[in-house]
Amino acid sequence: MLLFDHNLKKISKESFYRIFSSLETKKFLLLFLMICITMFSPSFLWADEISPNQIQVSPIEGAINTTFQEFGPTLSPDAKTLYFYSKRSNRSYTEIFKSTKDKDGKWGFPTEVPEVNSEFDDQSPFVSRDGKTMLLSSNRDGSIEVQLENGKVGISRDLYVSKWNGKTWSKPEALPYGINTEEIEENPHLLGDTLLFTRYPFGQPNLAKIYFTQLKNGNWTDPMPLPSPINNSYATIAAAFNDEGTILFFSSNRPGGFGGFDLYMAKIQGDSFVDVENLGSPINSAEDEAYIVFQQVKKTFLFCRRVEGRSFDIFTAALPKKENVVQNKLEESGKVSLDTIYFERASAQLKQESVTTLDSLVDYLHENPKVKMKIIGHTDLTGNFEDNMVLSKDRAKSVRDYLVRKGVDEKRLSTDGKGPTEPIFNANDEESSKKNRRTEFVIQSQ
């Protein structure tokens, strides 16, 4: 049984509300970034052309960082809206802010998000991949009370959910008891039906652990702590998956790091976590680092770093961006035909080596939000005609589903399948068949 059985189906609003091998440090970090950029595709072999010294770590550009704390960043699917929390006003509590990116790629002056904020601490925003759900942590009215040892009553921070209606966020509602407890719950991260969060006893963040719960048959399972080596006798916080759910990122103050809290990653294999690695320098430093957010569109990731022993700021790490050949072809002719999208034999299941090409399309569609696109599947000339017609349609739908999972609005995408009826080469040899087995992308409007 897999530890994480990610079901990437959409969760309805009603259901959601109802329940709610070691490498040297720099080489490892370079490989990590290249893995993120290609989403674990073998085509990252061109990484040899880039020196680890080219990894660019810097404070996020724009009017984001201040002398106050900026923490818990999360991005909209198109990576053009940034949410985070901070205590930067005259109020005595933290609030959630948002900023939009300008034409120069810099972040504008942040504004409060009044529909999700309260008159209490609101923290740890997380926006889902489709941009329709925000999770956050808050000790607002309605949060669970805690009887403290000194006889006083404290208020725990619980997890809340808000939904995007196309214009604004809805009033946050608490997730069910069991997820929320007398302890502190924060740092939510949702992938499919799996929710990760940090939990620790009231006033004891040094005992923080990562918990997970899954939505099954309309109910959340009892939260369980992640097993070793993720949780151990040291504090572990702010866990997040990569988009495929095959890698877990987290922050911990365990021994062997560069400073206090460092950023780590681990591979997920079945019900185990393996190959836990410190992300190394220049990501980790003598200060504290936490909260990785991968930015798919710009091939950059965000993280938080404590600056000069005071508050956290938001930083970026990036590699030089390669030319998007797919985007160039689409801009030149309005269509592109690709034979580098691979499927399992006689199946619509995408192979892992297709990810790099598909993510180029994701980038293009996010950068051009008004574009609508038709996806057309083609097969070779071998096999049964009727079967190939069905297969080509199914493969086009499989590509569409991948793009939707990456945050592209499904209303912008249509599909069709031509089977073997429009071959590039009228031949059955292997080289011709490879060219005939292709996926075509046609811009319909913009």
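The values are calculated or read from the model by the stated rules, or taken from the named source; none is laboratory data. Every value quoted in this text rests on a predicted model; they were computed, and no experiment measured them. Cβ coordinates were reconstructed from backbone atoms using ideal geometry, including for glycine residues, and neighbour counts include every protein chain displayed. We work out accessible area using only protein heavy atoms, side chains counted, and drop any ligands, DNA or RNA first. Shrake-Rupley method; radii C 1.70, N 1.55, O 1.52, S 1.80 Å.
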Restricting to the chain, compute how many DSSP beta bridges are antiparallel as a %, nearest 5. 90
For percent of Cα pairs over 43 Å apart, the listed values are (i) 16; (ii) 35; (iii) 26; which was obtained by calculation from the structure presented? (i)
Okay, helix-only estimate at 222 nm for the chain: each DSSP H run of n ≥ 4 adds -39500 (n - 2.57), divide by all residues, round to 500 deg cm²/dmol; what do you get? -5000 deg cm²/dmol
Quick one: which of 175-186, 379-390, 103-114 comes out on top by average Cβ neighbours within 10 Å, and what's the full order, highest first? 175-186, 379-390, 103-114
Carbon and sulfur: what percent of the chain's accessible surface (1.4 Å probe)? 49
Need the list of aspartates and glutamates near Lys101 for cross-linking: C-alpha distance under 15 angstrom, and skip anything on the same chain fewer than eight residues off. Glu61, Asp78, Glu367
Taking the Cα centre of the stretch 243-348 as origin and charging only Cβ (+1 Lys, Arg; -1 Asp, Glu), how large is the dipole, in debye to the nearest 20? 220
Whole-number accessible area per residue in Å² for the stretch 156-266, which is evaluated in the context of all protein chains at 1.4 Å: 37
Semi-axes, largest first, in whole Å: what does sqrt of 5 times each Cα gyration tensor eigenvalue give for the stretch 227-303? 18, 18, 9
Just name one of Phe301, Ser392, Asn231: the one whose Cα is farthest towards the positive end of the charge dipole of the chain (beta-carbon charges, Lys/Arg +1, Asp/Glu -1). Ser392
Among Gly256, Ala208, His189, the residue whose Cα sits farthest towards the positive end of the charge dipole of the stretch 162-317, when +1 is placed on the Cβ of each Lys and Arg and -1 on the Cβ of each Asp and Glu, is His189
Just add up the charged neighbours of Ser156: K/R +1, D/E -1, any other residue whose Cβ is under 12 Å from the Cβ of Ser156. -4
Given the pairs Lys335/Lys372; Lys132/Lys171; Lys98/Lys163; Lys80/Lys103; Lys80/Lys372; Lys103/Lys329, which span a C-alpha to C-alpha distance of over 21 angstrom in this model? Lys103/Lys329
The stretch 345-446 accessible area per residue, 1.4 Å probe, protein heavy atoms, integer Å², reads 49
I want the local charge near Phe250. Using Cβ-Cβ distances under 14 Å, sum +1 for each Lys or Arg and -1 for each Asp or Glu among the other residues. -2
Give the long-range amide H neighbours of Asp409: residues separated by 5 or more places, or on another chain, with amide H under 5 Å away, using H modelled in the peptide plane at 1.01 Å from N. none
What are the ³J(HN,Hα) couplings of the stretch 201-212, residue after residue, when phi is run through the Karplus curve with 6.51, -1.76, 1.60 and θ = phi - 60°? Round to Hz, x for glycine and proline. x, 3, x, 10, x, 5, 9, 5, 9, 8, 10, 9
Along the stretch 400-408, Karplus-curve 3J(HN,Hα) (6.51, -1.76, 1.60; θ = phi - 60°) to the nearest Hz, with x for Gly and Pro, reads 4, 4, 5, 4, 5, 4, 8, x, 7
Find out how many positive minus negative residues lie around Ser89, taking Lys and Arg as positive, Asp and Glu as negative, among other residues whose Cβ is under 15 Å from that of Ser89. -2
If you count, for each residue, the other Cβ atoms within 10 Å and average over each peptide, how do 132-141, 340-349 line up from highest to lowest? 132-141, 340-349
State to the nearest 20 debye the size of the charge dipole of the chain about its Cα centre, where the only charges are +1 on K and R beta carbons and -1 on D and E beta carbons. 920
What are the residues whose amide H is under 5 Å from the amide H of Val146, where those residues sit 5 or more places off or on another chain and H is modelled from the backbone? Gly154, Ile155, Ser156
Table column - 3J(HN,Hα) (Hz), the stretch 332-347, Karplus curve with 6.51, -1.76, 1.60, x for Gly and Pro: 6, 10, x, 7, 8, 10, 10, 9, 9, 9, 10, 10, 4, 4, 6, 9
What is the mean projected area of the alpha carbon convex hull for the stretch 278-372, to one decimal in square nanometres? 9.1
